[in-house]
Structure formats: C-alpha cells, structure tokens
Amino acid sequence: MKRHVTYEPLSVKTMLGAVKAPSMPFEWSINPYRGCQHGCAFCYARATHSYLGVEADDTFQNRIFIKTEGHEALRAQLEKKARSRKGIRSIGRIAIGTATDPYQQIEANAKLTRACLEVLADYPIPVSITTRSPLIVRDLDLLRRMPSVSVNMSVGTLRTDVWRNFEPSTPSPAKRLETVRRLGEEGIATNVFMAPILPHLSDRPDDLDALIEAVASSAPRSVMHSMLRLSTREVKVWFFRTLHEHYPHLTETYAAMYNGTAYAPEPYRAQVKQTIRLLLERHGLGFAEPFNRPPLAEAAAEPEQPSAPAVQQLYLF
C-alpha cells in the first residue's frame, strides 16, 4: 500500500533543547522535525506526537511537522549566548537527531538540517549528528567547516527481514556502512551505533559476527551497542503490533521479557554484551559501554509499563 505522507509547518521560538541528564554526553539537542518517515517500530520518539495531540501510531511516520524557521531561532539563541558574560563556548555540546532522524527523506528538499549546520559552522561548538541516512554526505562541505563535529550512524542488523520489518523506510544497512567509510575518508570522525539489538531476532552470535565484521570494514572511529528499549506505552504498543504481524511466535517471549519494564532482563543483556565484546576484539575493534539514547523528558519518571497479559490483550490479539 502506498503511503500518503503529509507535511505541516511547526512554528518554534527556540531550537536548542536543554538536556539535563548527567548521563548524556551533550548539553543541548536539536531536532528539525517532529515525526519521522523512517517509521522504525522501536523508535522511542514515537510518543512525542502525543505531546501535540496527535496519535502515535503510523501517524508518526506519515504526518511530519517541519520546523521551517528553526535555523533562524537557532541563530538567535546562539547570538544571545555569544553576547552573554560566559560567551558561546560555555554552551557545551550539541547533539542533532536525538529524537527523529535529521536526514529523513523530506530533508532532501526541505534542507532544514543543512540550514542548522550552516548556522553552527559559524560557532566553535562541538556537534554530533545521529542518523540512519547516507544523505548526510550531501553536507560534507559544511561538516568540513565545522571545528568539532562527529557523526553517529545507527546500524542494528544485516538481516534483511528484520531491517525491512522494523525499519521499513530506512536506507539499507550496506548503504549506511558505505557512508561511514566515506565520511571517515573525508576526515569526519564517524562512529557506529549497533542499535537496537532485538532479542531472538538480531542477537544470535552468527548475526552479530556478520554485523561486526561489516562494521569493521567501514573503519569507524568507535562502536557502541544498545539493546531494545521500550520506553513508553506508545512505543510498546506499536512495537508489539509490528512484532505480532511479522514474528507472532515471539510475542509471548517478548511479553515476558518486557513485563513491567522498558528493558530486557539484566542476565540476558550481560550475555549479549559479553558476546559483542569478544566479537569486537576478534575483528580488531575496541569495546565501548552500551549507550542509552536520551529519554523524551529527561526529568520525568519513566511511565508505567503494562504487564504481559495487558500487552497481549491490548496490543496483540
């Protein structure tokens, strides 16, 4: 079925969002879009649509809000900071793409991410960009100008079925890893996020070995991994709906694993972590501790998760 995607302007007075969690390696975030055409079933940002009074189902990938004047708001914020007593360097680190992909398909024409990079290139601010898209190569001219920039490319699996079922509109993993190599050759510090690892789908040692071998060939600066995290009710509902559609035999297993929690059980995560550590060493890559992407509201407590029976009743059958 052909998707019908709509785009709506979203007026904003500020573009920099403060990130107050001490565990995060940056102080500010920028997201030029609300909603994401990539439509990843596990995306924790799906719940942000509910903040706008919009459903968090497939509307998340089919109704995209565009911060059309976001770059102007960004420049105003940075100029104000530059005039302050502490100066621009006190602003700290900025992360682009913490909620939705800054290089989703609409960016090819809208160029909002590029407009923000044009602003940031004028300031001595450390910037990181997280994406699943080779479109970032278009902006190499700006990346070269920026005094301190890094790129994080997310690649969770090489399995074609898992990729297509859970990341239906993302570029292929092979294209993403080609982009990692290209950016590295251009002198851009580029990392790979192996994320998310899906229990019983992309966590087998053979699958992880194939992925890490491919990652190693792309010569990233570093590699980190993250297990599947189902952080809100909206995310859990959509993920389980997708899981039941494509892998119904795993629904009860997942319901038990994520019963009342956003995370898989610690013993399971420790086992996968050890497997990844050994495989990275085998392929000549260093091990970095698992990362957690920022919660939607850093100061808010994680919402209560439904129990396994509730998952089956509300989401699956």
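Details
- Matching residues in the range 74-104 - criterion: being buried (at least 18 other Cβ atoms within 10 Å of the Cβ) and more than 23 Å from ALA21 (Cβ to Cβ): ARG75, TYR103, GLN104
- Residue, nearest to SER128 (Cα to Cα), within the range 189-208, restricted to residues that are in a helix (DSSP H, G or I) and open to solvent by 10 Å² or more (accessible area, probe 1.4 Å): ASP207
- Count of residues meeting criterion [outside any loop (DSSP other than H, G, I, E, B), open to solvent by 10 Å² or more (accessible area, probe 1.4 Å) and touching a helix residue (DSSP H, G or I) at 6+ places or on another chain (Cβ under 7 Å)] in the range 117-135: 3
- The lone exception for ARG63 - which of (1) modelled with pLDDT of 95 or more; (2) open to solvent by 20 Å² or more (accessible area, probe 1.4 Å); (3) farther than 24 Å from PRO173 by Cα; (4) not small (Gly, Ala, Ser) it fails: (1)
- Within the range 148-188, if we keep just the residues that are of a type in the set (A, V, I, L, M) and over 18 Å from the mean Cα position of the chain (by Cα), the residue that is surrounded by the fewest Cβ atoms within 10 Å (Cβ to Cβ) turns out to be ILE188.
- Options ARG114, ARG89, ARG138, ARG144; residue that is within 29 Å of GLU213 (Cβ to Cβ), of a type in the set (Lys, Arg) and part of a helix (DSSP H, G or I): ARG138
- Any chance GLU107 is open to solvent by less than 40 Å² (accessible area, probe 1.4 Å) and on the phi < 0 side of the Ramachandran plot: yes
- Count of residues meeting criterion [under 26 Å from ASN191 (Cα atoms) and open to solvent by 20 Å² or more (accessible area, probe 1.4 Å)] in the range 225-283: 16
- Pairs meeting the criteria (first residue in the range 272-283 and among the basic types (Lys, Arg), second residue surrounded by 14 or more Cβ atoms within 10 Å (Cβ to Cβ), beta carbons under 6 Å, at least 6 apart or on different chains) are ARG277/PHE287.
- Inter-residue pairs, beta-carbon under 9 Å, first free of Cβ contacts under 8 Å to residues at least 60 places away in the same chain and under 27 Å from GLY35 (Cβ atoms) and in the range 86-106, second open to solvent by 30 Å² or more (accessible area, probe 1.4 Å) and basic (Lys, Arg), 6+ apart: TYR103/ARG138
- In the set SER154, SER218, SER226, only one residue is more than 26 Å from GLY35 (Cβ to Cβ) and touching a strand residue (DSSP E or B) at 6+ places or on another chain (Cβ under 8 Å); that residue is SER218.
- Total residues in the range 209-224, condition hydrophobic (A, V, I, L, M, F, W, C) and open to solvent by less than 10 Å² (accessible area, probe 1.4 Å): 4
- Boolean, ALA47 is in contact with a Ser or Thr (Cβ under 7 Å, 6 or more places away or on another chain), modelled with pLDDT under 90 and in a loop (DSSP other than H, G, I, E, B): no
- Counting residues in the range 148-168 that are part of a helix (DSSP H, G or I) and more than 26 Å from ARG3 (Cβ to Cβ) gives zero.
The values are calculated or read from the model by the stated rules, or taken from the named source; none is laboratory data. All of these numbers come straight from a predicted model, not from anything done at the bench. A quick note on method: Cβ atoms are made from the backbone with ideal geometry, for glycine too, and the neighbour counts reach across all protein chains shown. Protein only, heavy atoms only, side chains kept; ligands, DNA and RNA dropped before computing areas. Shrake-Rupley method; radii C 1.70, N 1.55, O 1.52, S 1.80 Å.
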